[in-house]
Amino acid sequence: MKPQDIDWNNLSFGYTRTPVNVRCYWRDGQWGPIEEHTEETVTMHMAATAFHYGQTAFEGLKAFRCKDGKVRIFRMDENARRMQSSASYLQMAVPSVELFCEMVAKVVTDNKDYIPAYETGGSLYIRPVIVGSGPQLGVKPADETLLLMFVSPVGPYYSGGMKGISAIIDRTHDRAAPFGTGHTKAGGNYGASLTSALEGHEKGYDSVLYLDPAHHRYIDECGAANFFGIRVDGNGKAHYVTPDSHSILPSITNKSLKQIAADFGMEVEARHVELEELNTFSEAGCCGTAAVITPVSTIFDPADGKTYDFGQGVGPWTQKLYDELVGIQHGETEDRHGWNTVL
Ligand code: PLP
Ligand code: COI
């Protein structure tokens, strides 16, 4: 699609074709050159392990066009390291942080006309994908790996934005096993979440809240985003409380919010969070690259018919965290932790 044909003020979180994607193959024990491609298709062996044995993982990160005219990419080294962890767990070749970051910078630069203007509130979503591209018949790792990155201009993941979303606790499906792949961005985790998300939507909820798969006692994640709650204690001190477990994806947005919350003087608690603790939160939200920070208004538990209600709209602490995060991403608040790459 040509830039002039894009409805820049009404972007949703969807795929828009852009001119260039970048690819790099690992063959014969080494990574080859970074290739720039214009076609959207990939030719792959029909016995590639990506198709049969789930050797596939991905990442998601964003580049922002800022008021000062510069382009900023948020924490790409963190995405590189998380992709290393996913690739390593799924027995694929592990790209270096340098290779990953060079590819990100190239794909953003090559598609710079597709980075939404600051005023639109949109961003350029970067989607790195790594797959076992070599053939195998037995259940074995591929001897060839493809690392591919494309981009798409995007708007909000939840169209309701800061109004707040509704979630239903899923008590019949888990997205990941207790000692499985939940801590990685394995494609299989998302395949495993599709039925759950669809059933949640059919029941009228925006998202699904997953519980820890071993006990169904602690909170894990909220759809494709981490969960947090705000508790203000008897002394007026605010606590940023967020679940931590092996089956949760270590969110880079959440990692950033934990730092920002600490900078604000909030108490940061990353630990198992009992479902009943929802009663103690004055605000709740979910966070991720796509979701940014989205307030959670209600959580329905079908086990006892109870609805936890955090109010419509955005609470004061959630708004403060949002403003700071988005301010740093757009170069309007000092990047005191060195999170941005400026192009
Ligand atoms: N949890 C899941 C399951 C996700 O898919 C994502 C999205 O990447 C997140 C959490 C948020 O992670 P991040 O903030 O790194 O985008
Ligand atoms: C992201 O926030 O980057 C995600 O991966 C979420 C989703 C669109 C899969």
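Output the residues belonging to segment 176-215 that are part of a helix (DSSP H, G or I) and either touching a Cys at 6+ places or on another chain (Cβ under 7 Å) or within 14 Å of ligand 2 (Cβ to nearest atom) (or both).
Hits for segment 176-215 are 187, 188, 189, 190, 191, 194, 196, 197.
Return the residue satisfying two criteria in turn: it lies in segment 279-328 and is without any contact (Cβ under 8 Å) to a residue 40 or more places away in the chain and not in a helix (DSSP H, G or I), and of such residues it is nearest to ligand 2 (Cβ to nearest atom).
This residue is 308.
Which one of 103, 92 is under 23 Å from residue 138 (Cβ atoms) and surrounded by 16 or more Cβ atoms within 10 Å (Cβ to Cβ)?
Unique residue meeting the criteria: 92.
Tell me the residue from 103, 92, 83 that is part of a loop (DSSP other than H, G, I, E, B) and modelled with pLDDT of 95 or more, please.
92
Could you tell me which residue of segment 156-175 is surrounded by the fewest Cβ atoms within 10 Å (Cβ to Cβ), considering only residues that are part of a strand (DSSP E or B) and not acidic (Asp, Glu)?
At the first step, the residues of segment 156-175 found to be part of a strand (DSSP E or B) are 165-170.
The next check asks that each one be not acidic (Asp, Glu); those that pass are 165-169.
Working: 165: 25, 166: 17, 167: 23, 168: 22, 169: 21.
Top of the filtered list is 166.
Kindly evaluate residue 249 against the criterion of being under 17 Å from residue 85 (Cβ atoms) and either surrounded by fewer than 16 Cβ atoms within 10 Å (Cβ to Cβ) or modelled with pLDDT of 95 or more (or both). Before you say what the answer is, go through the steps one by one.
Working: under 17 Å from residue 85 (Cβ atoms): yes; either surrounded by fewer than 16 Cβ atoms within 10 Å (Cβ to Cβ) or modelled with pLDDT of 95 or more (or both): yes.
Judged against the criteria, residue 249 is a match.
Here's the yes/no breakdown for (1) modelled with pLDDT under 95; (2) buried (at least 17 other Cβ atoms within 10 Å of the Cβ); (3) within 16 Å of ligand 2 (Cβ to nearest atom):
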residue	(1), (2), (3)
7	yes, no, no
12	yes, no, yes
21	no, yes, no
26	no, yes, no
31	no, no, no
35	no, no, no
40	no, no, no
47	no, no, no
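Out of all the residues in segment 65-82, which are within 16 Å of ligand 2 (Cβ to nearest atom), without any contact (Cβ under 8 Å) to a residue 40 or more places away in the chain and not charged (D, E, K, R)?
Across segment 65-82, the qualifying residue is only 80.
May I ask you to say which residue of 139, 129 is in the same structural domain as residue 51 (by the TED database) and within 16 Å of ligand 1 (Cβ to nearest atom)?
129
Determine if segment 235-250 includes at least one residue that is in a helix (DSSP H, G or I), closer than 30 Å to residue 54 by Cα and in contact with a Gly (Cβ under 6 Å, 6 or more places away or on another chain). Reasoning before the result, please.
First pass over segment 235-250, keeping only residues in a helix (DSSP H, G or I): none.
Among the residues of segment 235-250, not one is in a helix (DSSP H, G or I), closer than 30 Å to residue 54 by Cα and in contact with a Gly (Cβ under 6 Å, 6 or more places away or on another chain), which makes the answer no.
For the condition small (Gly, Ala, Ser) and away from ligand 1 (no atom under 11 Å from the Cβ), what is the one hit in 192, 238, 186?
238
The values are calculated or read from the model by the stated rules, or taken from the named source; none is laboratory data. Bear in mind that the values here come from a model prediction, so they are computed numbers and not experimental data. Note that each Cβ is placed from the backbone with ideal geometry, even for glycine, and that neighbours are counted across all protein chains shown.
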